[in-house]
Every structure is written in C-alpha cells, then in structure tokens.
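Each remark here refers to the structure printed beneath this line.
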DNA sequence: CGAATATGGTAAGGCGGCTTATTATCTGGA
DNA sequence: TCCAGATAATAAGCCGCCTTACCATATTCG
C-alpha cells in the first residue's frame, strides 16, 4: 500500500478544484490523511512482523487459530476471515506448516476438508510476539483520549456506509455538484 | 493490504485482555476499525484504477506529473514522493512510457538524470479518469459533515505523532500498564 | 439413483512491490 | 587535480498476493 508521502495543503486542493470541478477539497483532504496515515501504520506493523519472519497473512492466520486453539479451522474459512483467496491460504498454511507452527488434519465429517490447528510451538511463538504487538497498538492510539477513540470508530462506521457505492462500477455524474 | 474481515466486538477484546494484559481493548478497537476501513477504501480505489489499466503506483506518477505538466521530474524525486524505491520507479516509468503516457528526457544539467514528462496523451488519459476518481472521493466522505472531516484529519495527525515510536525496534515494556 | 452443481483444496503463472548489486556521473576534500 | 564517496538509473531475482484452471468430494434435485 503506497500513497503520496506528503498530503497537499488545503489551499492547493482548493486551487486544483478550479480545474477539476468534481474535486471536493474537504473530502479529498480527509481522504488523503486517512489513507496516508493508515498506510504508514500498516507499514510499521508489517515491518515489525517481518522481524519475526511473519507476513501480515501468516500472522493473521496464527491469530485466528489462537482465538480458540483447540478448535481447528478449515482453509476456506480461514481464507474468508483473513480476506485472502483460498489459493493464497494454501500457500500461507504451507509455509506455516513447514515452520511447524500449524498442522493440517483430515476432517472426519467432510473428506474434502483439511482442518488447520495451531501447534504448541505455534502458540508459544505467537505468545512471544503478541505482547510487543499489543504494546504498539496501545502506543499508536496513545495520543487519543477514550472519547476520541470512540469518535474515530464512529467516523470509520460512516465511511463504511459509503463503501458499497464506491465499489460499484462507473459512477453516474451526480446532478448536484 | 489485508486484515480481518470482521472486527471483534469490544467485549471479546475485553475478554482477550485477561489473557494478554498488554492488550488495551479501546486502543485495539480503534486500531482495527481504522485499518480495516481504510484498507477497504484503498482496495475499492485499487479496483477502480485497475479498470483503467492503472496500478496505484502508475496512477500516482501520472498525478504527480500532472500537477505541473510542463515541468518534467527525475525518477528519484518521483520515487521519493510516491513512496516507492527508485528501482520500482524505473519499472513504473518503463510501462507508462511503453503505453505512451509519459516520456523520458535527458537532463541538460546532470547527465545521470532522466526527466519524466507527461505526454499529451497521458494528460488526456488522466483527465478522463480524474473526474470519476474525485467523485468517488467525495462519495466516500459524503457521510461526514465538514466538522467531522476536520476531526478526522486532526485524529490522523495525532496518530502520526506516535508513528516514529511505533517504527522503532522492540519496545521496552512500559513501566505503567 | 444418478447427474448437475456447489464446494474444498491445490497448482501454475502473473503482477506489483521489494532488495541487492552494477554502472555512470557528479562532488567535495586532501 | 584527482580520487573517494555520494547519487541517478537500471538489472536481476525474491516475495506475497492474485487469477484461473483443475480435481476430489458433497449436495441437490429431476
């Protein structure tokens, strides 16, 4: 995920909006700050995980399995909950299994399914990483008061509301500028 | 960029924090909402750009050059402002040039440098895409009032403040939980 | 019951980033 | 002045995700 390093000043956006009447400077400013900041946060965590030989995908799988370590989960479920394709999940589990952090088991109910279970060494490994991870999460939000955190969550909810429309095909030109 | 599809409920986070004392549920909740939402927004725009045969990287280069179409920019500057490595920028400009959207020119001042300029067809191409892009940006923020957008920008600023600390190596265990 | 369809997992190959190493050119100090 | 180090661009190869195509097994329905 990459984006501009510097977000343009509001005045620049205003200037650009003369050439592009569809450009709403206030919306663009919020948009750029949101995406730039979150991409930097994401990148920082990606870097931290890579120090433990984990990609975001591998880490997510371990975290999902760790929620209920006794209950193995099949690959398709893991893929869906991790937002990756089933093919990608095959690869993630391949490497996790190679490293001894998870293992595949045949399902008794459905012979198509393989269930993935966290091994004890996988659990140990994750427990070595999570405290540092959690401390970083706490730190990244440390400048926000409890109220501000609630506000952030609610703003994200409002952005979510618009997502289906954004994902649609070419937008009709709004009749109102 | 990928993350959990569903963000755990606050109660679940609270429950988890019993096992992991470093886990601050309120910080984690804000963190997960921020990253999930922005990754979905990012993905939606990625999809939209791919309909025009553009990756985020290719698009960013065109946008940067379009800010001042008469002034060509060297690859290292483009790379720095786009947050990609110079090697990646070489590849981006390769394909953009192959598609006739930009062209390389030798710098008169410094024989190491190549300056990249938007071609007229590149500019035309971009101008066909930008209105739709801007409309989507407006739409994604349409549920937020002007005040809420300002709040969002300021919250992102506060998150930015913590970034240097997050990017550092292993965190010392805070003396205060 | 048996065939069409759906679903689970995998393989092969693509794409867009990255790192590392190389070559060309510039610059600054002994 | 000229050499050591910086900087510009590129090449080669890696990695993590994707898409597409495939086979095995389940399920549904005529």
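Each value in this text was obtained by applying a stated rule to the coordinates, not by laboratory testing. A quick note: this is a predicted structure, and the numbers were derived from the prediction, not measured. Positions of Cβ are backbone-derived with ideal geometry, glycine not excepted, and every protein chain shown enters the neighbour counts.
Miscellaneous remarks
- Mean ellipticity per residue at 222 nm, deg cm²/dmol - from DSSP H runs of n ≥ 4 across chain A, formula -39500 (n - 2.57): -21000 deg cm²/dmol
- Cα long-axis angle, helix B:120-140 against chain B (0 to 90 degrees, to the nearest 10): 20
- Taking the C-alpha atoms only, the angle from helix A:146-167 to the longest principal axis of chain A is near 80 degrees.
- Counting Cβ atoms of other protein chains within 10 Å of each Cβ in B:124-136 and taking the mean gives 4.
- Relative contact order [Cα under 8 Å, 6+ residues apart], chain B, whole percent: 15
- Each of A:145, A:60 has some number of other Cβ atoms within 10 Å of its Cβ, and from fewest to most they run A:145, A:60.
- Rg to Rh, two decimals, where the range B:4-94 supplies the alpha carbon set and Rh follows Kirkwood: 1.21
- Between A:40, A:97, A:22, the Gaussian network model of chain A with springs among Cα atoms under 10 angstrom shows the greatest mean-square fluctuation at A:22.
- Here the mean projected area of the convex hull built on the C-alpha positions of chain B is 14.3 nm².
- Peptide-level mean, for A:17-27, of C-beta atoms on other protein chains within 10 Å: 5
- On Cα atoms only, tilt of A:10-19 relative to the major axis of chain A in degrees: 70
- Judged by the gyration tensor of its Cα atoms, with axes a ≥ b ≥ c, the range A:74-161 is oblate; a/c meets the 1.5 cut and b/c is at least as large as a/b.
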